[in-house]
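Below is one structure, written out as structure tokens; comments come after it.
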Amino acid sequence: LYIRDYTLEETEELLKEIKKKIVPIFNKVTQTMLEKDYYTCYMTDPEVSAQQILELVYPYMSEIDPELAEGMEYMLTHNLYDMDASPVKGNVGFTTDLFYYNTAFIFDSPLENFRDYSTAVHEFGHYNWSHRSTENVLTQQNNIDLCEIHSQGLEALYYDYFTQELGEEVSFVQIYELLDAIVSAALVSEFEIEVYRNPDMTLEDMNKLYLNLSEKYGSYYADEITELYTWMEISHIFESPCYYVSYMTSAFSSLDLLSMAQENRHEAVETYMELTT
């Protein structure tokens, strides 16, 4: 369904490596977030319009690659977005194809903090791929692992500009969120694997399993807590089973792009643009 090129066994090997190597790093990054009070980045800012955010983002797109600027100019000219706050909008963000017009449309309900800027970059990554795609509604294939690199990868290439626009603490939070995507997606993925492997599990068994795995992935709970049922709030588990692992694989690829950009930005951009075509 998701056109993946790796096996369940390979996924389980990666999950072991994440618990061994990534979780300790993520715990250190989380501690830095607390010590430096970077969580204040999530506090609500005065309302800024979507147009203002996109106009701030737009000039940097041409610095990354002229094709990105061209795509965003088309999007802005034709108002192919609805990203302003409204009391009648659902609390969701997504990009959808408009096959008849050979382009796409971005919908978002803003949080009115720094994440509205990163969401604009993230969703434009999806938009740009759809806008450039030559496939139609009958022939399009949807490789989820690649689709999330389109979005998270563009955020990685935008890393230095986040520092210029919003400050060093925001770019640090971007790294935190990529690591968080890896750890949380690994947790959900391992939970799904175990539940499907043991179809006779009771709800109590599932809740105990999720608590046990959460602790293995770095969370801490009081001794009196014996079950954890917050997995039920993750809609993907019910609507798109086994989708969540793609947030993990794409976050790794995006961190690769970020690391590559520190050494050879041109190579990183070329790699990203090849992925989007």
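The values are calculated or read from the model by the stated rules, or taken from the named source; none is laboratory data. Being a predicted model, the structure only gives us computed values, none of them experimental. Here the Cβ is made from the backbone with ideal geometry for all residues, glycine too, and neighbour counts use every protein chain on show. Accessible surface is based on the protein model in full, side chains and every heavy atom, while ligands, DNA and RNA are left aside. Shrake-Rupley method; radii C 1.70, N 1.55, O 1.52, S 1.80 Å.
Pairs linking a residue in region 216-240 that is over 23 Å from I18 (Cα atoms) to a residue that is open to solvent by 40 Å² or more (accessible area, probe 1.4 Å), with Cβ atoms under 7 Å and 6 or more positions apart or on different chains, are T226/K208; E227/E204; E227/K208.
Going through (1) open to solvent by less than 70 Å² (accessible area, probe 1.4 Å); (2) not in a helix (DSSP H, G or I) one by one, G71 falls short only on (2). Please determine, by comparing only the residues of region 213-242 that are small (G, A, S) and closer than 22 Å to V29 by Cα, which one is most open to solvent (accessible area, probe 1.4 Å). The selected residue is S219.
When F191 is tested against (1) free of Cβ contacts under 8 Å to residues at least 40 places away in the same chain; (2) of a type in the set (F, W, Y); (3) in contact with a Phe, Trp or Tyr (Cβ under 9 Å, 6 or more places away or on another chain), exactly one condition is not met: (1).
All of F124, F94, F107 fail the test of being loosely packed, with under 13 Cβ neighbours inside 10 Å, modelled with pLDDT of 90 or more and not in a loop (DSSP other than H, G, I, E, B), apart from F94. Of the residues Y272, Y210, the single one that is in contact with a Gly (Cβ under 6 Å, 6 or more places away or on another chain), modelled with pLDDT of 95 or more, more than 16 Å from I18 (Cα to Cα) and open to solvent by less than 40 Å² (accessible area, probe 1.4 Å) is Y272. Got a number for residues in region 179-209 being part of a helix (DSSP H, G or I), farther than 18 Å from T11 by Cα and of a type outside the set (D, E, K, R)? Final tally of qualifying residues: 4.
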